[in-house]
Amino acid sequence: MIMRFTPSVLAKHRGNFHFIKAPSTSPSAQRDPEVMRTVSEMLLDIERYGLDAVKRYARKLDRWDGASFELTAEHIATSGSRLPDALRSAIELGSQRTRQFAAESRRHLTDFEVELVPGVIAGVKYVPVSRVGAYLPAGRFPLTASAFMTVGVAKEADVPNVIAATPPQPDGAANDAVLYAAHLSGVDRVFLLGGVQALAAMAFGLLDELPVNMLVGAGNAYVAEAKRQLFGAVALDLLAGPSEVAVIADETANPAIVAADLLGQAEHGPNSPAALITTSQALADAVAIAIDYQLTGLSTASICGPAWRDYGSITVVSSREVAIELMDDLAPEHLEIITSDDDYYHANLTNYGSLFLGPWSTVAYSDKGMAGTNHTLPTAGGAKHSAGLSVSRYLKPLTYQKVAREGTMALAPAVQVISDSEGMSAHAATATMRMELYRDSEHE
């Protein structure tokens, strides 16, 4: 879906902005009816016929011809030895930093209890979900760092059982970089299985002894739709669409850097939106030129070019206040701030998946796991109401209450009044009976 300003926000700021480039494609539906139908049929088929259906789809869609979907522990553990040294070291660094940030995040989520009034105690205990299934994409662009964000963060939340599924490569084997990232992240079991059939198999408990409680990980439109249809049977990280990037920049920004960062996310796919909002006409013009120039030298220009042509935008605004309101309206997945007053924007922006402050910060640092933060983030305006994946998503904040005898009269009379007003006599009785017991004990 295109990052596009809402009409009410545009009307409010009419005269305070103008487009250098607007998206040329009309907003598209988030869900393709054909994808929805295909996924629904596959899920019903797999739910009915179980592993036999999974194998049938794996042979057809993954060209799988093995005896077992599960990769051996030895094959997983030795995956790093099959990688170039530089790649192996980079994966180790990304895994370590992502888990370090997740561990620190977990440290700040602490159990607590409070005595609201004498004899009435309420509290929260953080408990990890029991079983997580992570989908690790390995298609056109293997997302090596995906395991850091899904498997590794789950393990820092103390999830006891994390399995993963990843599609086979054209040679029929797993991608060793993706596999090594999963190994370092602490994965318990890995299955060579892709797409809808992988998610269904994990959700229905066809690969492990029990169904998973939660599905996480990015994927194509079919994977996203499968997650959507499986929601309720399992929890999800989030429903993400095409990757997005937005930049707020002023006259101090380097137009070549801004252009590079916009194209860096447009590289994710031909429908990945990229938006620049700037207070500088000169910068806007320079970035437009820089993008056209850089596209001539990119090996992925066939992806970045259509993405920028159809989904890219450059907007010039009259003030930083207008820039903030327009950007909060877009609510982008990734947001870079490259201005002379980054702290002001940090203090006032509220809608984004993750924020990248200053000219030395780029989205790719997070994408590849080097900045420690999670790259599984809300898209399509989801940042207006939701945050990205983090260690807290794998934890259930379970509340509890502990009421002593002396707390009865602080609760029961009001519960009786409300229950009576609602006509819920059984609710009222649970309170009135305790009041009677309390009063009887007073006279003993």
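The values are calculated or read from the model by the stated rules, or taken from the named source; none is laboratory data. Remember, it's a predicted structure, so these values are computed and weren't measured experimentally. For neighbour counting, all protein chains shown are included, and Cβ atoms are generated from backbone atoms with ideal geometry for every residue, glycine included.
Descriptive notes on the structure:
- Cβ-Cβ contacts under 6 Å between residues 6 or more apart (or on different chains), taken from a first residue in region 269-297 that is outside the structural domain of Asp310 (by TED's automatic domain parsing) to a second residue that is of a type outside the set (D, E, K, R), are absent.
- For region 233-243, the condition of being touching a residue at least 24 places away in the same chain (Cβ under 8 Å) and either under 21 Å from Leu71 (Cα atoms) or touching a His at 6+ places or on another chain (Cβ under 9 Å) (or both) holds for at least one residue.
- Residues that are assigned to a loop (DSSP other than H, G, I, E, B) and under 28 Å from the mean Cα position of the chain (by Cα), drawn from region 267-291: Glu267, His268, Gly269, Pro270, Asn271, Ser272, Pro273
- Ala323 being more than 21 Å from Pro270 (Cα to Cα) and either β-branched (Val, Ile, Thr) or part of a helix (DSSP H, G or I) (or both): yes
- Being under 22 Å from Ala177 (Cα atoms), of a type in the set (D, E, K, R) and either in contact with a strand residue (DSSP E or B) (Cβ under 7 Å, 6 or more places away or on another chain) or surrounded by 17 or more Cβ atoms within 10 Å (Cβ to Cβ) (or both) is a condition met by at least one residue of region 70-84.
- The single residue among Val187, Val178 that is over 23 Å from Asp45 (Cα atoms), in contact with a helix residue (DSSP H, G or I) (Cβ under 6 Å, 6 or more places away or on another chain) and among the hydrophobic types (A, V, I, L, M, F, W, C) turns out to be Val187.
- Only one entry in Leu143, Leu116 is more than 21 Å from Ser81 (Cα to Cα) and not in a helix (DSSP H, G or I), namely Leu116.
- Within region 41-69, the set of residues being crowded, with 17+ Cβ neighbours inside 10 Å, assigned to a loop (DSSP other than H, G, I, E, B) and at pLDDT below 95 comprises just one member, Trp64.
- The one condition from (1) out of contact with any Lys or Arg (no Cβ under 8 Å at 6 or more places or on another chain); (2) closer than 28 Å to Gln169 by Cβ; (3) at pLDDT below 95 that Met1 does not meet is (2).
- Screening region 224-238 for residues that are crowded, with 17+ Cβ neighbours inside 10 Å and assigned to a loop (DSSP other than H, G, I, E, B) and picking the one that is modelled with the highest pLDDT gives Asp237.
- Criterion violated by Ala221 - all others in (1) assigned by TED's automatic domain parsing to the domain that holds Asp367; (2) surrounded by fewer than 24 Cβ atoms within 10 Å (Cβ to Cβ); (3) aliphatic (A, V, I, L, M); (4) farther than 20 Å from Thr144 by Cβ satisfied: (1)
- Only a single item in (1) part of a loop (DSSP other than H, G, I, E, B); (2) under 21 Å from Val129 (Cα atoms); (3) at pLDDT 95 or above is not met by Glu251, and it is number (2).
- Residue in region 352-369 that is free of Cβ contacts under 8 Å to residues at least 12 places away in the same chain, within 30 Å of Pro128 (Cβ to Cβ) and in a loop (DSSP other than H, G, I, E, B) present: no
- Subset of region 401-420 (residues that are out of contact with any Asp or Glu (no Cβ under 9 Å at 6 or more places or on another chain), surrounded by 12 or more Cβ atoms within 10 Å (Cβ to Cβ) and outside any helix (DSSP H, G or I)): Gln401, Val403
- Residue satisfying condition, being more than 17 Å from Leu93 (Cβ to Cβ), touching a helix residue (DSSP H, G or I) at 6+ places or on another chain (Cβ under 8 Å) and not aromatic (Phe, Trp, Tyr), within set Val153, Val162: Val162
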